[in-house]
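The values are calculated or read from the model by the stated rules, or taken from the named source; none is laboratory data. On a predicted model such as this, the values are computed, not experimentally measured, just so you know. Here Cβ is always computed from backbone atoms with ideal geometry, including for glycine, and neighbour counts include all displayed protein chains.
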């Protein structure tokens, strides 16, 4: 049963990582325009040079 | 948190703007202005790139971002750039664009609430999955120290999560309790808190059963229902806001320094405003100078224009047709005739607010029932077990959790989300939360005529007796005018291939017609009284050629697209249909005959319409009112449920439960069917939830419920209910 000592923290960390990623997507307004996002993937505007940060 | 200073203020406000602003123009030190444009026909990746790319090339544009979901562009510009310029530019290059009044759009505030709910939902989901993982281990046989450790870890995850995610329910329950009422959130909060408290106690005592997973899945499923509900309403609200924002209310005020464009809300009594031909009168007032004709159809339903001159009293919403006028303001904004109508509306609205939704009805039965059951179970087991409080409390908590209102919480939002989504795709916008249920009960439909059944645009009748020469003269005269009849005549004559006659010194006589010289003779096109013609009983204009007998050109208002489909569909559903209008009997009878309505009323005043609808309501009918004008607002508010087209006056749209976004009336017939089907699904969902409870409650009452059984019942009923909602009739 000692394996639990590693596995439980690992599972919690992975889940926490997922939650943190979700928070980030929410904060950076990635759910504001679902229709637009699915179309923008077809645009070749930033293919050569990605937008500067 | 400190906010870093940035060279691009827009980028701080909207992180995504950064992407567009990165290259090129980054402002000139002045504060950026944000404009919003509505792009109703944008749909593809190429359109997005086209709009953003072309806008970025314009002078003074700092950043542009298209939102395809909302069909809207947000543009950050220099303060001196006018929204109109950009809208015209976009329309010019093929992307139809309209200016939006940013003040009317509060979507940023509402978005915050949506994000907040989503955040709580995400946290609850994460916690639920992790705790479920540990619970599965306990259910499959973990014991002693291992079980205790798993329980403690679950407690460490569940306690803060409940504190954060379930706040929504606690707050709402507290608000209800404080005023001595019970709502659905009271049993929900009680179940969550008791489950958590009981489980913490059991864990401390090394007990066998803990309900951490139940407390969390309860929170998660209910938050999901709450979020769906919120989404549906916010989509409706933002679309309704956009409709309002499209009408930027402006007026031309005359000052010593010349004309200035001001917002209607800035006008005060005594100001003089200029109303140009083709514009809507922005205020209530008295004409000071100018002669013209007014289209009062939005207020009275009457199609024929009315003459206006100095001392004529004009009301907000009338359209100036021929000559420019100046108007002295007697009432503006909130005090105008629109507002007076609101008194009538307010009375009717209170009657409608008494409507209790199915969800509220269910909550009213449900909330006391579960409390009594749980309390009964507690005392019964206390007595049976001879005073074992811990055991009795365990059973009571199990009862509360098992009767989980998960399915109830999802039963309504899952269906309304699916149904209103379908209706929205067909061009119907549900503004009110209970509109769907009320629409399902309708058994009588009352239509307004002008602008609702008809397009509100006159079309010239075909008449073989017209001589080509007359048409040529009429066309030449009509070409220069913006009067709707003249426009329609021009269009009809052009379509016939008529070429305009050669006419000199054409001038428009405001309020009367157009005059010119043809081969040295005076020719006139205009009102019957002006030419001394005998008026025909129909919308018409007249042509006289120097003393010869005047020729009449008659016009008919065309039916709105899809009216036939809608009316035959409603008839097939066995509904009574009435046409009610403020127009003259002949015109009403004509339209009624064309669409096949046998029951019609003409010459009806606004109060008469409302009274008629109210009387139908009293006689036990559930009335659906469809109307667009100011004269319909009271009737719209008095009806059980109301619909107005997007072209309606704002006042009419505000009191309506549903707005038709497209031109066509056709979705109406399907909407009632859809509403019926949706209400049936809601009731089925209640039945499913009740069925689960009928099995689960006895098990919990006799003390056989385990956390596993609770989790199974909860998940199964929630999933069944959601799947049932998707079974909605294809729209």
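Miscellaneous remarks
- Verdict on residue B:493 being touching a residue at least 40 places away in the same chain (Cβ under 8 Å), touching a helix residue (DSSP H, G or I) at 6+ places or on another chain (Cβ under 7 Å) and assigned to a helix (DSSP H, G or I): no
- Some residue of segment B:93-110 being in a helix (DSSP H, G or I) and either facing chain A (nearest Cβ under 10 Å) or at pLDDT 85 or above (or both): yes
- Residue B:576 being surrounded by fewer than 21 Cβ atoms within 10 Å (Cβ to Cβ) and within 30 Å of residue B:674 (Cβ to Cβ): yes
- Some residue of segment B:424-435 being touching a residue at least 12 places away in the same chain (Cβ under 8 Å), outside any helix (DSSP H, G or I) and farther than 25 Å from residue B:727 by Cβ: yes
- Taking the numbered list (1) in contact with a strand residue (DSSP E or B) (Cβ under 7 Å, 6 or more places away or on another chain); (2) at pLDDT below 80 in turn, residue B:308 passes all entries but (2).
- Of the numbered criteria (1) assigned to a loop (DSSP other than H, G, I, E, B); (2) touching a helix residue (DSSP H, G or I) at 6+ places or on another chain (Cβ under 6 Å); (3) at pLDDT below 50, the one residue B:3 fails is (2).
- Those helices (runs of 4 or more DSSP H) of segment B:324-407 in which 1 or more residues are modelled with pLDDT of 80 or more occupy B:358-384, B:389-402.
- Those residues of segment A:9-48 which are in a helix (DSSP H, G or I), over 16 Å from the mean Cα position of the chain (by Cα) and within 7 Å of chain B (Cβ to nearest Cβ), in sequence order: A:11, A:12, A:35, A:36, A:39, A:40
- Meets criteria (touching a strand residue (DSSP E or B) at 6+ places or on another chain (Cβ under 6 Å) and modelled with pLDDT under 90) for residue B:532: no
- Checking every residue in segment B:583-594 against the condition of being touching a helix residue (DSSP H, G or I) at 6+ places or on another chain (Cβ under 9 Å) and in a strand (DSSP E or B) gives zero matches.
- Across segment B:698-729, the number of residues qualifying as under 14 Å from residue B:377 (Cβ atoms) and surrounded by fewer than 23 Cβ atoms within 10 Å (Cβ to Cβ) comes to 6.
- Residue check: residue B:561 meets all listed conditions (1) surrounded by 13 or more Cβ atoms within 10 Å (Cβ to Cβ); (2) part of a loop (DSSP other than H, G, I, E, B); (3) in contact with a helix residue (DSSP H, G or I) (Cβ under 9 Å, 6 or more places away or on another chain) but one, namely (3).
- With respect to the conditions (1) at pLDDT 80 or above; (2) on the phi > 0 side of the Ramachandran plot; (3) under 41 Å from the mean Cα position of the chain (by Cα), residue B:459 lacks only one, and its number is (2).
- Condition broken by residue B:705, with the remaining ones in (1) touching a strand residue (DSSP E or B) at 6+ places or on another chain (Cβ under 9 Å); (2) not in a helix (DSSP H, G or I) satisfied: (1)
- Segment B:36-58, subset at the interface with chain A (Cβ under 9 Å from one of its Cβ atoms) and assigned to a helix (DSSP H, G or I), residue surrounded by the most Cβ atoms within 10 Å (Cβ to Cβ): B:48
- Residue B:616 meets all of the listed conditions (1) in contact with a helix residue (DSSP H, G or I) (Cβ under 8 Å, 6 or more places away or on another chain); (2) farther than 30 Å from residue B:466 by Cβ but one, namely (1).
- Residue B:141 within 14 Å of another protein chain (Cβ to nearest Cβ), outside any helix (DSSP H, G or I) and either over 24 Å from the mean Cα position of the chain (by Cα) or surrounded by fewer than 22 Cβ atoms within 10 Å (Cβ to Cβ) (or both): yes
- Leading residue by the ranking (nearest to residue B:231 (Cα to Cα)) among those in segment B:59-72 that are buried (at least 17 other Cβ atoms within 10 Å of the Cβ) and either away from every other protein chain (no Cβ under 11 Å) or without any contact (Cβ under 8 Å) to a residue 12 or more places away in the chain (or both): B:67
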